[in-house]
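The values are calculated or read from the model by the stated rules, or taken from the named source; none is laboratory data. These numbers were taken from a predicted model, which means no experiment stands behind them. Every residue, glycine among them, receives a Cβ derived from its backbone with ideal geometry; neighbour counts consider all protein chains shown.
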Amino acid sequence: MNASTNGLPRVAFFDFTSCEGCQLTVLDALQTHPELLKVINIVEFREATSARSEDYQIAIIEGSCTRPSDEERLRRIRETAVYVIALGACAHLGGINAIRNRQPLQDVREYVYGDKAEWYETYPARAIDQVIQVDAVIPGCPIDREEFVRVVTVLLQGRQPKLPDYPMCIECKLHETICVYERGQICLGPITRAGCDAVCPAYGYGCEGCRGTVSAPNIDSFVEMLADRGVNRTEIEEKMSLFLTNQKVLELEEEMANV
């Protein structure tokens, strides 16, 4: 990896369709881990500096691809960067933006823009890795600041970051958190990738699946378990669709209908 003139890897942040909350979390992480700034050179980061650069080795992308023109920009970033990191649920999964993929695009355009629907370029929301190759992912909505530091540190060491590949329920058990199912809530913890320290259940709120599913989720058993608890098909679909629409979870509608 070619470094900058001061010998440090050049890092650029880019934002596509998102709230930019994950980039704000990065700023928080840099305040609590200032040592990271000693080993990287940030050359573009709209949330923190007006500087712009076409010379960088690590590209960190927040947001989903929602317009045809986004693809060209993403390809330019990929051609320049040695490493590309998808930052947060929108970049990783398509995020909340992908909810609109469940409806006819023209209906969505007219609902949002009214009689100006044709003025704006748009298409179904896509995760970044549906357009270009991604070397690492930092999941979540927003991301976990400590995980951001770990992933970047591992990359700088020339190693490949590895995310936890077990359900979030394990983290709840480790923290002795009362299962939110005992409180009558729906929680996607049994199929969601761990790594967030199970923060939502710790505050008594069911997991929404913002980190995506584990690599081999037992969806059939999960849906059956929810059905046994009186959760109907519509509720299951709505819960899964918030973040998991683009992981093809909704392809399970037929199976759900037979539960």
- Out of curiosity, is Thr192 touching a Pro at 6+ places or on another chain (Cβ under 8 Å), in contact (Cβ under 8 Å) with a residue 24 or more places away in the chain and not assigned by TED's automatic domain parsing to the domain that holds Ile58? yes
- Task: Kindly indicate whether any position in segment 75-85 is in a loop (DSSP other than H, G, I, E, B), polar (S, T, N, Q) and on the phi < 0 side of the Ramachandran plot.
- Result: no
- Note on the structure: Being under 28 Å from Leu8 (Cβ atoms), surrounded by 15 or more Cβ atoms within 10 Å (Cβ to Cβ) and in contact (Cβ under 8 Å) with a residue 60 or more places away in the chain narrows Ile96, Ile42, Ile61 down to just Ile61
- Item | Conditions (1) surrounded by fewer than 21 Cβ atoms within 10 Å (Cβ to Cβ); (2) in contact (Cβ under 8 Å) with a residue 40 or more places away in the chain; (3) more than 22 Å from the chain's Cα centre (by Cα); number of the one not met by Tyr56 | (1)
- Task: Scan segment 29-54 for residues that are in contact with a strand residue (DSSP E or B) (Cβ under 8 Å, 6 or more places away or on another chain), among the acidic types (Asp, Glu) and modelled with pLDDT under 95 and report the count.
- Result: 1
- Task: Would you please name the residue that is farthest from Cys187 (Cα to Cα), looking only at residues in segment 218-240 that are basic (Lys, Arg) and assigned to a helix (DSSP H, G or I)?
- Result: Arg233
- Please verify whether segment 154-176 includes one or more residues that are surrounded by 12 or more Cβ atoms within 10 Å (Cβ to Cβ) and among the polar types (S, T, N, Q). no
